[in-house]
Amino acid sequence: MSKGGASVPDEEWERFLKDAEAGGRGAPEEPSARARMVARRLREESGPPAGWRTHTPARRRGGRGWAALGVAAAVAVVVVAVGPWGIGSWFDDGDGANATPLAAESERPTGAPAREAAERPPTLDEPFRGSPAARWGDGAAGIHLPEARATGWMSRTEVAQALTRTRDFLAASSLDPAVLRGERPDRAIALINPHQSDVRSFLGKAFGAPDRENDPLLLFSRFRSSDVRPAGDVVKTRGRVTFREGERGALEVSTDITYVYPVVRAEGDSDEVARTIVRREVVMSWDDPSKIVTEPGTFSLVSYRIDTTNGGCDTYTGYLTPAFLAERTDAAAGDGAEVDPYDRSTTMEERMRETEDEGCGTATRS
């Protein structure tokens, strides 16, 4: 990353995106040290290397918890963020019309958000009613950035710039209205180091023939606009970004963000509001270009995990596929553990260890 924060030339990104769509042409002539390290581990291990592009499969799809609430859970297709996407308004009332916004999440909470004695279903006017997300931030405003300090090869100013670009990536991948409508996340991809050959291959497969290991939802929130439309103009978010010195003096940035998308059916006159909840942990490395082959203003992906509620489970179409109340039956309930999707008191890895579950579980609320 240069001090001036220059972006990669348009011609180079066009070539990169075309290569990604075609499945990539293999490793670059001068692969990064990170790519060589991964290739070596792949040869030495029977499975994928720990901590490299890891993920938690989408695990919750509907079930008894939701049916008992009588609340629909579905998908979002519109978003509000800062910068080029604008800023939306707060929703109100302890869980709806006059809700007081929570302070930014500067550290991990000690427990799950409190539940209402009688949770109320969402409406078109109040799509987050009955949900802790009613008090969360709107779009990128709910993503807390820490105070910058000189770290690794970067000065304080450069760290601040990298943190801002990290939030830009989160907005471009999970809050951009065009991406939410199912379009390609070119703006987000442009922030990823094009010299990561395995990531190039992943992107090509994910947008060409998605499957369990090559699923665009691991990094990007996408819905079919023919299935749903947004309920309002806000996506709620809560989470934080942390950083430390990583390998070879890099700035390693960890993000842990939960997104809540409210939607209604795209066709017909139904006013039933459903919500899809997506939690992502993405770790990225802003590498020293004197040590790692990279491009100015781009980061290398280290790992990513996803956990979804009412976004489909064991379905690898490249889109979140929420269900509405009539579609959620006991037969569709997951066979895994019950989980509160609003509980951010543990990491996703800790949650997996606690529940000993990687399959389709049951959300206790949406």
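Among the residues of region 294-313, what is the count of those that are within 21 Å of GLU350 (Cβ to Cβ) and either β-branched (Val, Ile, Thr) or out of contact with any strand residue (DSSP E or B) (no Cβ under 7 Å at 6 or more places or on another chain) (or both)?
Residues flagged as within 21 Å of GLU350 (Cβ to Cβ) and either β-branched (Val, Ile, Thr) or out of contact with any strand residue (DSSP E or B) (no Cβ under 7 Å at 6 or more places or on another chain) (or both) within region 294-313 amount to 4.
Restricting the search to region 293-319, which residues are open to solvent by 10 Å² or more (accessible area, probe 1.4 Å) and either among the hydrophobic types (A, V, I, L, M, F, W, C) or closer than 23 Å to GLU183 by Cα (or both)?
Answer for region 293-319, where residues must be open to solvent by 10 Å² or more (accessible area, probe 1.4 Å) and either among the hydrophobic types (A, V, I, L, M, F, W, C) or closer than 23 Å to GLU183 by Cα (or both): VAL293, VAL302, ARG305, ASP314, THR315, TYR316, THR317, TYR319.
Answer with yes or no whether VAL253 is in contact (Cβ under 8 Å) with a residue 24 or more places away in the chain and not in a loop (DSSP other than H, G, I, E, B).
yes
Sort out which residues of region 205-250 are more than 27 Å from GLY139 (Cα to Cα) and out of contact with any Gly (no Cβ under 6 Å at 6 or more places or on another chain), and write them in order of number.
Residues satisfying the conditions are LYS205, GLY208, ALA209, ASP211, ARG212, GLU213, GLY246, GLU247, ARG248.
Residues GLU327, GLU247, GLU267: which one is modelled with pLDDT under 95, more than 24 Å from ASP343 (Cα to Cα) and in contact with a helix residue (DSSP H, G or I) (Cβ under 9 Å, 6 or more places away or on another chain)?
So the residue among GLU327, GLU247, GLU267 that is modelled with pLDDT under 95, more than 24 Å from ASP343 (Cα to Cα) and in contact with a helix residue (DSSP H, G or I) (Cβ under 9 Å, 6 or more places away or on another chain) is GLU247.
Looking only at residues that are open to solvent by 40 Å² or more (accessible area, probe 1.4 Å) and under 14 Å from ARG305 (Cβ atoms) in region 343-354, which one is modelled with the lowest pLDDT?
Result: ARG353.
For the structure I just gave you, tell me whether SER174 is open to solvent by 10 Å² or more (accessible area, probe 1.4 Å), closer than 27 Å to MET284 by Cβ and polar (S, T, N, Q).
The answer is no for SER174.
Among the residues of region 286-294, is any over 30 Å from MET352 (Cα atoms), in a strand (DSSP E or B) and of a type in the set (A, V, I, L, M, F, W, C)?
The answer is no, given that none of the residues of region 286-294 is over 30 Å from MET352 (Cα atoms), in a strand (DSSP E or B) and of a type in the set (A, V, I, L, M, F, W, C).
Quick check on region 132-158: of everything there that is part of a helix (DSSP H, G or I) and of a type in the set (D, E, K, R), which residue is farthest from GLY249 (Cα to Cα)?
So, considering only residues that are part of a helix (DSSP H, G or I) and of a type in the set (D, E, K, R), the one farthest from GLY249 (Cα to Cα) is ARG135.
Test LEU191 against the stated conditions and say whether it is touching a residue at least 40 places away in the same chain (Cβ under 8 Å), under 27 Å from LEU145 (Cα atoms) and open to solvent by 20 Å² or more (accessible area, probe 1.4 Å).
yes
Scan region 229-243 residue by residue and report those that are open to solvent by less than 10 Å² (accessible area, probe 1.4 Å) and modelled with pLDDT under 95.
Of everything in region 229-243, just one residue is open to solvent by less than 10 Å² (accessible area, probe 1.4 Å) and modelled with pLDDT under 95, namely ALA231.
If you go through region 80-92 one residue at a time, do you hit one that is among the small types (Gly, Ala, Ser), modelled with pLDDT under 95, over 22 Å from ASP176 (Cα atoms) and assigned to a loop (DSSP other than H, G, I, E, B)?
no
The values are calculated or read from the model by the stated rules, or taken from the named source; none is laboratory data. Keep in mind the model is a prediction, meaning the values are calculated, not measured. FYI the Cβ positions are ideal-geometry reconstructions off the backbone, even for glycines, and counts take in every protein chain you see. Please note that ligands, DNA and RNA were not included when accessible areas were found on the heavy atoms of the full protein model with its side chains. Shrake-Rupley method; radii C 1.70, N 1.55, O 1.52, S 1.80 Å.
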